[in-house]
């Protein structure tokens, strides 16, 4: 089930790399996170520079993750929301504008600024709505795939060769440590979210299913939502802070606590009288809770995983001289890694890092295919021998 | 060259395989997983055989063309043997995994039968083998150029596409026959699969005389197809019922709820 989105993301990245030359050109520009250049005189200097670049990048990522976890722990939801809002704004408007511009340049399409502005405006606004608020599931999934692909393309363009491979290796080790170690930041994040019975931010996670608790034909559910929303209203008069346990975290569609309380503000208290509250609380709650239904339980994969998978495959198709064989090999390796990770998930039933196995297989197969298989297959194709 | 040759050769090479995938495998995630695992096993076998070939080339005389060709032939034979070894290894892994899956899912029957696994894994091997053989050639066919301008055969792309289709379908048939032979401990059938794979690969040594390589390959394809059909439980009667849409079991099983 996760194969289709991962494959789609990779296909978008590879198709862009192969057709739009902008993302493989070296303009000499670098990100501020990777200040050391890689076009140096000696191999040793290049290796040193790439190690330094990778160290800086990883440090930045670790610091950002720690800041995020701290903000989450101390319930500064507004800051996190604002941060996510700004970054998805940047991706959906600015990066997609650049992408569209380069695609038009490649295919020599004449386009005026007015039409472009209308297109980008619509794309961006619908994207912001789908990701941060409500939208059809497929559209939200499509937008998440698109922003992952855009981010991966940015990384492919601006990270120099050796730095990129080193970063991939180091980040999968970091992912392993951050999710599995008891003090790891990502583990703390997941556990805190589960304790508070909240979803993790929808802008960061791709989920394969979603259950909408409001506007469903099933009449019990909205009342269940409002029952739980009514109780914190009794407890506290604060505007934002108390999280409404609106649903088990697996099935929530991104109904962050601030959204719920905002609804209460705008629509008035959802339950006004003692009697109706008592009546509703006496409704039989013997229905099987949604999370036990296997078909509705979805698998979630972080967007960072999408980004790094696509970055690996994109780099393989950009840099490898064996072209499509290497790309295919990395693609299969990543999918197998994902299979194994999902298998482990089914066995252990807790949050697992999705990067290490896939990236490890991907890297091994990239270097092995590029250096060993490519000359063999080239010679075979030359003589038209088939194995 | 360009688009027409590209699309034509792509559909010739991958058409049957993609049709099989779409109609029988795409809807079931479990089958897709086993297909990709089969592709992975083929890839690992290729990696090992290229490693051995690479090492042998490094320690050999790089000037002598005859020696290089000899090493290449050795590489092909080794690759075929390794592919069949990995097919056997995949069979063993699937047997173990089936027991594990049974224990995990707490059901009484296996969610996927060993025959379906044979078909899916054979197709996985075939997809990967075909893709690695032909994708670079297809990518080259999109661009401008003249085929065989230096006196080589003009039918390079077309023959590659037909050969690839044959190889993909052959891998699928070999998978079915191989797994069934392993189940029933019929080692002569396993040997026959290995020998036919070797024969098909060695026939390609005669390229670019395409008549002598393609025609026998298609004969072997046809024969293996019939053998796989009978191995999978098909019979003339089944075929007649299926083609005249009178096979009640098939119709019932494929009835999709509205």
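The values are calculated or read from the model by the stated rules, or taken from the named source; none is laboratory data. As the structure is a prediction and not an experimental result, all values here were calculated from the model. Virtual Cβ from ideal backbone geometry, glycine too; neighbours counted across all protein chains shown.
Observations, loosely collected:
- If only residues of segment A:299-335 that are within 12 Å of chain B (Cβ to nearest Cβ) and within 20 Å of residue A:206 (Cα to Cα) are counted, the one that is surrounded by the fewest Cβ atoms within 10 Å (Cβ to Cβ) is A:299.
- One residue alone among A:47, A:54 is at pLDDT 90 or above, surrounded by 14 or more Cβ atoms within 10 Å (Cβ to Cβ) and touching a helix residue (DSSP H, G or I) at 6+ places or on another chain (Cβ under 6 Å), and that residue is A:54.
- Considering only residues in segment A:202-231 that are modelled with pLDDT of 75 or more, in contact with a helix residue (DSSP H, G or I) (Cβ under 6 Å, 6 or more places away or on another chain) and crowded, with 19+ Cβ neighbours inside 10 Å, the one that is nearest to residue A:4 (Cα to Cα) turns out to be A:206.
- Failed criterion for residue B:32 (all others in (1) touching a residue at least 40 places away in the same chain (Cβ under 8 Å); (2) more than 15 Å from the chain's Cα centre (by Cα); (3) within 13 Å of chain A (Cβ to nearest Cβ); (4) more than 27 Å from residue A:383 (Cβ to Cβ) hold): (1)
- No other residue among B:170, B:93, B:158 is within 13 Å of chain A (Cβ to nearest Cβ), modelled with pLDDT under 95 and closer than 23 Å to residue B:44 by Cβ apart from B:93.
- The selection criterion, being within 11 Å of chain A (Cβ to nearest Cβ), in contact with a helix residue (DSSP H, G or I) (Cβ under 8 Å, 6 or more places away or on another chain) and in a helix (DSSP H, G or I), holds for residue B:38.
- Listed by position, the helices (runs of 4 or more DSSP H) contained in segment A:38-153 that have at least 3 residues being touching a residue at least 12 places away in the same chain (Cβ under 8 Å) and under 29 Å from residue A:170 (Cβ atoms) are A:43-73, A:77-89.
- Within segment A:351-375, the residues that satisfy the criterion of being facing chain B (nearest Cβ under 8 Å) and crowded, with 19+ Cβ neighbours inside 10 Å are A:365, A:368, A:369, A:372, A:373.
- Within segment B:113-151, the residues that satisfy the criterion of being more than 11 Å from the chain's Cα centre (by Cα), more than 9 Å from chain A (Cβ to nearest Cβ) and assigned to a helix (DSSP H, G or I) are B:114, B:115, B:116, B:117, B:118, B:140, B:141, B:142.
- Identity of the residue in segment A:167-184, surrounded by fewer than 21 Cβ atoms within 10 Å (Cβ to Cβ) and touching a helix residue (DSSP H, G or I) at 6+ places or on another chain (Cβ under 6 Å), that ends up farthest from residue A:21 (Cα to Cα): A:184
- Residue match in segment B:64-80 (condition: assigned to a loop (DSSP other than H, G, I, E, B) and more than 14 Å from chain A (Cβ to nearest Cβ)): yes
- Test result for residue A:1, within 18 Å of the chain's Cα centre (by Cα) and touching a residue at least 24 places away in the same chain (Cβ under 8 Å): yes
- The requirement of being closer than 21 Å to residue A:376 by Cα, more than 9 Å from every other protein chain (Cβ to nearest Cβ) and either surrounded by 14 or more Cβ atoms within 10 Å (Cβ to Cβ) or out of contact with any strand residue (DSSP E or B) (no Cβ under 9 Å at 6 or more places or on another chain) (or both) is not satisfied by residue B:18.
Residues are listed down the side, and each one gets a yes or a no for (1) out of contact with any helix residue (DSSP H, G or I) (no Cβ under 9 Å at 6 or more places or on another chain); (2) more than 9 Å from chain B (Cβ to nearest Cβ):
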| residue | (1), (2) |
| --- | --- |
| A:337 | no, yes |
| A:342 | no, no |
| A:349 | yes, yes |
| A:379 | no, no |
| A:383 | no, no |
| A:387 | no, no |
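- Screening segment A:294-387 for helices (runs of 4 or more DSSP H) wholly inside it with 3 or more residues that are at pLDDT 90 or above and more than 30 Å from residue B:210 (Cα to Cα) returns the ranges A:303-319, A:324-348, A:355-368.
- Odd one out for residue B:87 among (1) within 18 Å of the chain's Cα centre (by Cα); (2) buried (at least 19 other Cβ atoms within 10 Å of the Cβ); (3) within 10 Å of chain A (Cβ to nearest Cβ): (3)
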